[in-house]
Amino acid sequence: MRLRILGAAAGGGLPQWNCGCPNCAAARAGEIASLTQSSLAVSGDGGGTWAVLNASPDIRAQLAAAPPLHPTGPRAVPLASVLLTNGDIDHIAGLLTLREMQGFDLFATPAILDVLAANPVFDALRPGLVVRRPVALDTPFRLAQGLEATLFAVPGKVPLYLEGEVVETGLVGEQTVGVELVGAERRVLYIPGCAAITPGLAARIEGADVLFFDGTLWADDEMIRAGLGHKTGARMGHLSISGPGGTIAALADVSIGRRVFVHMNNTNPVLRPGSAERAGAEAAGWTIGQDGLEITQ
C-alpha cells in the first residue's frame, strides 16, 4: 500500500490568502513549507491505480506535484476513485476541477451525496462518467484495485454553510466519517476531522499500521488568542492536539504503527520546525504531515 499526502493543511492552506499571521508570513518568505488543503492519495496495487480521499480546492496543483498520478496517455489516468469524508468546502470544491470529461467512481455516504445533489453546479461531473456510489457506514467496499475501504462515523458537525441557529458539534452519523483502508495485509485509518475520541473510536484505531488524524489546532482557543477568529476548535468540530483531553493524551496508550497529523490550520505552531509545540508532538511519537510525504506499507 502506498500513501501520499496531497495536502496537509486545513481549509485555506498555508499561507492563507488573507492572513498575515506569523506562520503565513514565514511561508510566504520561504522560511517554512507551504501547504495545500486536506487530501490523501492511496494505492493498493503499488501505484498502478489510485484513490483520492477528499477533493480539495488545490487538487489541480496537488496532482501536478504527484508524478505517480500523472496521465499515462491522452486521457488515461491512474485515478480510479474519489472518496469524501464530509461536505466541507475544502473537501468537495476540487470536484469541479475534476469535471474534464474523465471517468471515476465517487464514493460517499448518502448524506454527503445529498449535499452534492442539492447544488446543481456539481452536475458538471457528467453522470455517465462520474458514478456517484452511496456507501453505508461500517460496510466494506472496493475503493480501488487491491484496496478495501470502510466508512465509520466520528463525532463532528455539518458543514459551515449548512449550520443553523443551533449547532451541534458532536453529531455522530453520516455527515462526518473516518476511513479504514485495508490492503496488502495492512490497515490504515484516515480521520481528517474529529470532535472527540470516544472509547469506540480508540478501539477502532488500536493496532492500525498508520493513522492520519485531525491536527487542526494545537490549542482550543488558538485562533482567538491570535486575534484571527472568535470560535474555539471545539466549536468548529475539531479536537485540539494538546491538553489533558487533546489528541496526544487521548491516544497515548493506543497501539499505532505510525501516527501522522494532517488537516492543520495555518495558525498551528506545530507547522514551525523549531517550535516547542512541534518538538512536543514529535516526542510523543507524532509526525507532522507535509505535502508530498509518502509512506509505503
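The values are calculated or read from the model by the stated rules, or taken from the named source; none is laboratory data. Worth saying up front: this structure is predicted, and the values here are computed from it rather than measured. Cβ sites come from the backbone with ideal geometry, for glycine too, and all protein chains shown count toward neighbours. To get the accessible areas, we keep the full protein, side chains included, count just its heavy atoms, and leave off ligands, DNA and RNA. Shrake-Rupley method; radii C 1.70, N 1.55, O 1.52, S 1.80 Å.
Tabulated data
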read-out	value
Cleavage-rule hits (trypsin sites (Lys or Arg not before Pro)) in region 155-240: DSSP loop, at most 16 neighbouring Cβ within 10 angstrom	K231, R235
Listed residues V210, V131, V52, most fluctuating in the chain (Gaussian network, C-alpha, under 10 Å)	V131
Region 10-78: trypsin sites (Lys or Arg not before Pro) in DSSP coil with no more than 12 other Cβ atoms inside 10 Å	R75
Percent RCO, i.e. relative contact order, over region 44-103, from Cα pairs under 8 Å lying at least 6 residues apart	45 percent
Portion, in percent, of the accessible area of region 210-267 that falls on carbon or sulfur, probe 1.4 Å	55 percent
Distance between region 61-116 and region 149-216 - C-alpha centres, whole angstrom	20 Å
Å² of accessible area per residue within the chain, as computed with a 1.4 Å probe and no ligands counted	41 Å²
Residues with amide H under 5 Å from that of L35, placed H, sequence gap 5 or more	L14
Whole-Hz ³J(HN,Hα) from phi, Karplus 6.51 cos²θ - 1.76 cosθ + 1.60, for region 127-134, glycine and proline x	x, x, 10, 9, 8, 7, 10, x
Compactness of region 226-289 as Cα Rg over 2.2 N^0.38 Å, two decimals	1.14
Long-range amide H partners of T85 with built H, under 5 Å	N54
